[in-house]
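Let me begin by presenting the structure, written as structure tokens, before commenting on it.
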Amino acid sequence: MIIFPFGFFILDEKAPVYVGNDLRAQTIVRAWLEANPDKVRLAFDAVGPARVLTRFLGWDESPRSSSMDPEPMLFESSSDGIPEIAERRLYRNYHAALAGHAELVEIVKARLRGGC
């Protein structure tokens with residue numbers, strides 16, 4: 001039974017490792033995510049009252065059709081704490097997620113200063 005077209009993944013250092021796409025794989029990945037919070041959370045910054053978090057998801061949560069993209073979006077950067085500047089971005093790899101995190105921190109700082 002296929003649950004997600006891309007399946008479920010864990011991280012080996014900075015590289016996603018495919019576990020499978022069935023209920024067993026989902027259970028394994030959920031347990032791995034819970035047991036490895038230090039590997040799941042890639043970056044965190046508090047910017048005034050806002051927070052920016054970048055993490056490994058374990059599966060593709062993007063709202064797009066999987067047939068159009070060759071790789072799953074397994075990483076997420078998000079800002080919260082202030083509804084007007086809340087934002088969520090998805091990435092395909094570890095390095096893009098960290099770069100996106102830094103960019104999102106700068107965007108939040110600019111918005112708090114009254115820019116953009």
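Some observations on this one:
- Screening 63, 72 for residues that are exposed (fewer than 15 other Cβ atoms within 10 Å of the Cβ) and not polar (S, T, N, Q) leaves exactly one candidate, 63.
- Some residue of the range 9-22 being under 15 Å from residue 94 (Cα atoms), polar (S, T, N, Q) and either part of a loop (DSSP other than H, G, I, E, B) or modelled with pLDDT of 95 or more (or both): no
- Every pair of residues 6+ apart whose Cβ atoms lie under 9 Å, when the first sits in the range 45-62 and is over 19 Å from residue 85 (Cα atoms) and among the hydroxyl-bearing types (Ser, Thr, Tyr) while the second is assigned to a loop (DSSP other than H, G, I, E, B) and open to solvent by less than 70 Å² (accessible area, probe 1.4 Å): 62/69; 62/72; 62/73
- Filtered residue count, the range 25-60, keeping only those that are open to solvent by 40 Å² or more (accessible area, probe 1.4 Å) and modelled with pLDDT under 95: 2
- Count of residues meeting criterion [at pLDDT 95 or above and on the phi > 0 side of the Ramachandran plot] in the range 72-115: 0
The values are calculated or read from the model by the stated rules, or taken from the named source; none is laboratory data. The structure presented is a predicted model; accordingly, all values stated were derived computationally and were not measured. Ideal geometry is used to build each Cβ from the backbone, glycine not excepted, and the neighbour counts take in all protein chains shown. For accessibility, only protein heavy atoms count, side chains too; no ligands or nucleic acids. Shrake-Rupley method; radii C 1.70, N 1.55, O 1.52, S 1.80 Å.
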